[in-house]
Structure formats: C-alpha cells, structure tokens
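The values are calculated or read from the model by the stated rules, or taken from the named source; none is laboratory data. Source: prediction; values computed, not measured. Cβ: placed from backbone, ideal geometry, glycine included. Neighbour counts: every protein chain shown.
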Amino acid sequence: MGTTERMRSELEQMGIPFQYPKPKELLKYLIQVGLESAGIVLDFFGGSGTTAQAVLELNKESGTRNFILVQLPEPTERKDFPTIADITKERVRRVIKKLNDEDAGKLDLEKGEKKPDRGFKVFKLQSSNFKTWNADVPKEPEALAQQLEMHVHHIVEGRTPEDLLFEILLKSGFPPTTPIETLTLAGQPVFSIAEGAMLICLEKKLTPEVIKEMAARKPQRVVCLDEGFAGNDQLKTNAVQTMKTKGVTSFRTV
C-alpha cells in the first residue's frame, strides 16, 4: 500500500518538499474501493497533493474521476513555497506535466479516443465581488448619501471578469467544473455556460446588437452587468422584451 517514507522520496525527486505525505498507493486503493470509474474525491487537507496524484494516475489507467482539495495557506518559512497551499498547487502541476509528457511519447491516440483533460482550477476564499448594502448604517441623510455613493459602482475594485464570472456561476447553481466557452457576439465577449444553457456578459457598455445576438441563441438564462446599461432604462426594458420574445426564461442584471 506504500509508505510515507517512499512517498517522501518520490516527492524529493520531483523537487517538492513535504515531511509527512500521504502514501499514494494507499489512497489509490481506497479510491478504487470507494468509487467506480467516475465521481468526486474530496480531501479536506490537500497537503502535498497526493490525493490529486492518485486520482490522476488512476484516470490514466481508466476513468474520469475528479478531485477537490482544500488547503489553508499555512506558512512554511520557505521562499520557494511560502505556504502549504503553494506546495499543493505545484505538486499537481508537476504531476500533470509528467503524465502529459508520458502521453506525448506514445503513439497517436487511437481513433475516437479523447485526449485526457488534466487541467485544474484554483479558488481562494474571498469576500463577494459585489458590494453589499450595509443595513447598520445610521439613517441620517449624510450617512445614507455616502452609502449610495459607494454603490454607484457596486463591483469591488480590483476584481477581474473571471472573479465575477465564477461568483455568478456558483450563485446560479453551476459547479466550478462546468464547461465555459468564450464567444464573441456583436464584437463583445460573452461567456457560454454549460453548452449555452446560460450566457453571461460582463461588459460595461452593452449594445442592442449584443443583446439581440444573445437572445437569438435562446439560452435558458442570461446575466449582464447592471452597469452595462449605463442608466439607460429604455435599453434595459427593450432587453427584457427581447429575451422574452426568444423564450429566455430568466434575464437578470447584477
């Protein structure tokens, strides 16, 4: 079933420092016992990323399992890996590169065989990307005026479109592994979620053309930035009617 010492030695060869890693072979055995060829393996202490390697190596043999690793950014006192989370991420990157290099050295995939998808995403716990109304603010006119001024631009400064995208995605009930495609409609980028089930446009200047093109694709849901309408109520009203005409069941702004 493997040992911690053997796993530590393997990590040293990869240039990954970790004192007490989980035995990879033991994890592979447990995964095979607990899961079929598909499913999600959840590890609430990502550590050196052994669980991810176990899943990736099992999938190379057969299967389409997914993994979720959770790791606090505990400091390590190392400059190359400041936190344990940095070790976790680098281990997964190097394992994926190793497996991809091994595949590259083989003959072309058999006809109909899909190329393995070994990518992974990293999420950090953070406050919302959207400012929330503070109900505890005193009701004096000056305090309310300051609160209103803060919400003229309700997106937290420094947040990227990708930050907004994944928050909207999660709040809409989609898992972070949902397929996302970036389209260009009427010259503006639009995110297509779950093969077109939902469209998200995070542009700060919407046009009638992009609204029409999104509606023409007949998604179930459409989400746009409220800021994109720039206070143009007529454009927003027309957008609502255009979506209804095309059968879009949910159109909302954030």
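Quick look at the numbers
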{"item": "Condition check for I31: of a type outside the set (S, T, N, Q), modelled with pLDDT of 90 or more and closer than 18 Å to P176 by Cβ", "result": "no"}
{"item": "Any hit, the range 200-223, residues being in contact with a strand residue (DSSP E or B) (Cβ under 8 Å, 6 or more places away or on another chain), closer than 17 Å to L164 by Cα and among the basic types (K, R)", "result": "yes"}
{"item": "Output for the range 222-245, where each listed residue is more than 18 Å from Q188 (Cβ to Cβ) and not in a helix (DSSP H, G or I)", "result": "G231"}
{"item": "Among (1) surrounded by 12 or more Cβ atoms within 10 Å (Cβ to Cβ); (2) within 30 Å of L69 (Cβ to Cβ), the one test that E203 misses", "result": "(2)"}
{"item": "Residue in the range 43-61 that is over 28 Å from Q126 (Cα atoms) and assigned to a loop (DSSP other than H, G, I, E, B) present", "result": "no"}
{"item": "Selection within the range 179-207 - β-branched (V, I, T) and either farther than 22 Å from I155 by Cβ or over 13 Å from the mean Cα position of the chain (by Cα) (or both)", "result": "T182, T184, V190, I200, T207"}
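Results for (1) under 30 Å from E167 (Cβ atoms); (2) among the hydrophobic types (A, V, I, L, M, F, W, C); (3) at pLDDT 90 or above, shown as yes or no for each residue.
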position	(1), (2), (3)
F81	yes, yes, yes
A85	yes, yes, yes
T88	yes, no, yes
R94	yes, no, yes
K98	no, no, yes
K114	no, no, no
D117	yes, no, no
F123	yes, yes, yes
S127	yes, no, no
